[in-house]
1. Under a point spin-label approximation (7 Å from Cα along Cα-to-Cβ), what is the SER294-ALA266 distance to one decimal in nm?
2. Give the separation of the Cα centroids, region 136-188 to region 209-283, in Å.
3. Using the number of other C-beta atoms within 10 angstrom as an exposure proxy, rank MET71, MET236, MET134 with the fewest first.
4. If you scale each eigenvalue of the Cα gyration tensor by 5 and take the root, what three semi-axes come out for region 161-311, rounded to whole angstrom and sorted largest first?
5. Using a Förster distance of 30 Å, how high is the FRET efficiency between GLU235 and ARG153, based on the Cβ-Cβ distance and rounded to 0.05?
6. ASP316 to ASP60: extension gain in nm, 0.36 nm per residue of separation minus the Cα-Cα distance?
7. Over the Cα atoms of region 192-238, how large are the radius of gyration and the largest Cα-Cα distance (Dmax), in Å?
8. How many percent of the alpha carbon pairs in region 218-281 exceed a separation of 13 Å?
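Only the coordinates and a few stated rules stand behind these numbers; no lab work does. Just so it is clear, the model here is predicted, and its values are computed rather than measured. Ideal geometry is used to build each Cβ from the backbone, glycine not excepted, and the neighbour counts take in all protein chains shown.
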Amino acid sequence: MNPKKIITVFGATGAQGGGLVRAILEDRDGPFAVRAVTRDASSNAARALAAAGAEVVVADLGDEAAVSRAMQGAHGAYCVTFFWAHFSPERELAEARTMARAARAAGLEHVVWSTLEDTRRWMSLDDPRMPTLMGRYKVPHFDAKGEADQFFRDAGVPTTFLLTSFYWDNLIHFGSGPRAGADGTLEFVLPMGAAKLPGIAAEDIGRCAHGIFRRGAELAGRTVGIAGEHLTGAEMAVALTRALGREVRHLDVPPEVYRGFGFPGADDLGNMFQFKRDFNADFCAARSVERSRSLNPRLQDFAQWLGANAARIPLD
Ligand SMILES: NC(=O)c1ccc[n+]([C@@H]2O[C@H](COP(=O)([O-])OP(=O)(O)OC[C@H]3O[C@@H](n4cnc5c(N)ncnc54)[C@H](OP(=O)(O)O)[C@@H]3O)[C@@H](O)[C@H]2O)c1
């Protein structure tokens, strides 16, 4: 029998879950073993996790029986949903409900739920400052996660509510990197004026989650926000200029312009950036860099992340 406590990790082949799987495997003398959940155990990513020492199991979040099996015998679970794979807050709600119910049925001792603010607590749906989207949301991919917190409370599962931050990796994978403007100078679009954006290296999210599981009961029932650094768009542009060796300037388009950019989810992201700008003090206060570093001593700041990743940012 494995004397270690099993942590079931959803999204194990992705950004957040992958960081947690690697953090647990690297902590060889630590208390945890990892059970990595994938929909396809034959994928390269899943096979790489198995080769590195993870137990790999198959489950789709749409299949409650499979989710329950993935949690059987485990000590804890990392629960995350995947808005950008389907753009449906209702689906995120259903999948979070499934994980919360399965966690209760499995008698888990600790869940870390990857959540975000329900922005409707700051701005009611009839507030004209930003449009209501999909009928009942201001920022759909935030609000559904925040709404889903209640499923974990109702299930009575000891849960830590992990408020994540903007991944700097979006500059590589999500089209958020600098682009050449009309005069050829690189422009970094961030519609937040002089407000600060809490950001994080995606890999550090899983490492912080690992720190939360290690702290255990002390953090159950608590909300923990994490970030590697809080920076304005202008400060990010300075760091990008230094790392890329090319001038990058911050382009502060208004959120209403950003909402009209036309790519899928532009309205959701425009509202998100406006929320982060207009409620900046609350948003930043919820994400202490010092506390994040106490959970994850390897926590990177933006310059460190750029030092390792700037060459991967597409610039054309
Ligand atoms: N980008 C940001 O800046 C940012 C910031 C904060 C929060 N978030 C949130 O992060 C969440 C996504 O997390 P992530 O970035 O870690 O995801 P990701 O890197 O896209 O990884 C998703 C992984 O989850 C698995 N998956 C997808 N659909 C699944 C399903 N139905 N059932 C089971 N597994 C499924 C896939 O693995 P298999 O193919 O192996 O099954 C995939 O590798 C989103 O909800 C987003 O709102 C993003």
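1. So the label points at SER294 and ALA266 sit 4.3 nm apart.
2. For region 136-188 versus region 209-283, the Cα centre distance is 8 Å.
3. In order of increasing Cβ crowding within 10 Å: MET134, MET236, MET71.
4. Semi-axes from the Cα gyration tensor: 28, 18, 12 Å.
5. It comes out at approximately 0.20.
6. Extra length available between ASP316 and ASP60 comes to 88.6 nm.
7. So, for region 192-238, Rg and Dmax equal 13.9, 41 Å respectively.
8. Value for region 218-281 (Cα pairs over 13 Å): 74 percent.
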